[in-house]
Amino acid sequence: MSWYHPATVGLAVRRQLAATGQSARLLGRLLQLLPATLARPGLVRDQVHFLGNYSLAIIAVSGLFVGFVMALQGYYTLQDFGSTEALGQLVALSLLRELGPVITALLFAGRAGTSLTAEIGLMRAGEQLSAMEMMAVDPVQRILAPRFWAGVIAMPVLSLVFNAVGVMGGWAVAVPMLGLDGGAFWSQMQGGVDVFSDLGNSVIKSVAFGFTVTFVALLQGYTANPTPEGVSRATTRTVVMASLAVLGLDFVLTATMFSI
């Protein structure tokens, strides 16, 4: 088959290496622009509002229902072992260690990530980025960097909101509905959750996920083909690639954190 021709394989490898190099250069540029970005906090503030505030509703509602489900599933599981008083600890640890950061990152990729990709891709299709370069304005510094660092800032905050609402949802099911003692629910949670370990690891995961999702979204938009079809495909790639990156990175971070 022609696909196995050495020239075809070599061309595919060359394109992949070129794309990897372009991604690395863009990432290095974004990291290098951190001081310049922080010197204009208004741009970052506006993007934090755009990415965080507009994603708050879906994050809060999802956290509430995840807390409901976690409390129900945990109660019926712990009931078999006579340990229903540990339900508060189970809900809190499940949310802090895994569900909170991961689900928030997946929702963030679907809501904010696709918005970033479409926005940057339409700028590319409309030649706005090229026009900025013609006017000696760096589009990476003016457009991409504020959005990148805003995503890194917004993601941990959204994750904390998800965790807090999820815990309240778990309490609403465990105490009023299932009849568990409220004092036992909170005391078991306080005794089993370590602030520096569990909460700290949750924040670290959230920052890493925000870094990854936002970069994937900006990269796909910045390198999208300047056509409606190209922007559409870039948006789809953002969801797929960001979701897979979050799940893979979650395994690496979890294995690293629990091995220390």
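Can you name the residue in the stretch 185-215 that is aliphatic (A, V, I, L, M) and touching a residue at least 24 places away in the same chain (Cβ under 8 Å) and, of all such residues, is surrounded by the most Cβ atoms within 10 Å (Cβ to Cβ)?
Among residues in the stretch 185-215 that are aliphatic (A, V, I, L, M) and touching a residue at least 24 places away in the same chain (Cβ under 8 Å), the one surrounded by the most Cβ atoms within 10 Å (Cβ to Cβ) is 213.
Just for the stretch 32-41: of the residues that are loosely packed, with under 15 Cβ neighbours inside 10 Å and closer than 14 Å to residue 153 by Cα, which one is nearest to the chain's Cα centre (by Cα)?
Result: 34.
Condition test on residue 173, is it in contact with a Leu (Cβ under 8 Å, 6 or more places away or on another chain), of a type outside the set (Gly, Ala, Ser) and more than 25 Å from residue 78 (Cα to Cα)?
No, not satisfied.
When you go through 185, 215, 251 one by one, which is the residue that is touching a Phe, Trp or Tyr at 6+ places or on another chain (Cβ under 7 Å) and more than 30 Å from residue 128 (Cβ to Cβ)?
So the residue among 185, 215, 251 that is touching a Phe, Trp or Tyr at 6+ places or on another chain (Cβ under 7 Å) and more than 30 Å from residue 128 (Cβ to Cβ) is 185.
Any idea which of 37, 8, 84 is touching a residue at least 12 places away in the same chain (Cβ under 8 Å), polar (S, T, N, Q) and over 30 Å from residue 143 (Cβ atoms)?
84
Could you run through the stretch 1-58 and say how many residues are among the polar types (S, T, N, Q) and more than 28 Å from residue 103 (Cα to Cα)?
Matching residues across the stretch 1-58 total 6.
Table: residues versus (1) of a type outside the set (Val, Ile, Thr); (2) touching a Gly at 6+ places or on another chain (Cβ under 9 Å); (3) over 27 Å from residue 223 (Cβ atoms).
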residue: 22; (1), (2), (3): yes, no, no
residue: 37; (1), (2), (3): no, no, no
residue: 46; (1), (2), (3): yes, no, no
residue: 83; (1), (2), (3): yes, no, yes
residue: 97; (1), (2), (3): yes, no, yes
residue: 107; (1), (2), (3): yes, no, no
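Out of 78, 26, 96, report the one residue that is modelled with pLDDT of 90 or more and either within 24 Å of the chain's Cα centre (by Cα) or in a helix (DSSP H, G or I) (or both).
Just one listed residue meets the conditions, 96.
Does residue 217 satisfy the condition of being farther than 18 Å from residue 140 by Cα and part of a helix (DSSP H, G or I)?
So residue 217 does not fit the description; no.
Looking at residue 230, is it in contact (Cβ under 8 Å) with a residue 40 or more places away in the chain, of a type in the set (Gly, Ala, Ser), farther than 18 Å from residue 34 by Cα and crowded, with 23+ Cβ neighbours inside 10 Å?
In short, no.
The values are calculated or read from the model by the stated rules, or taken from the named source; none is laboratory data. Note that this is a predicted model, so its numbers are computed, not measured. Every residue, glycine as well, gets a Cβ built from its backbone with ideal geometry; the counts of neighbours run over all protein chains shown.
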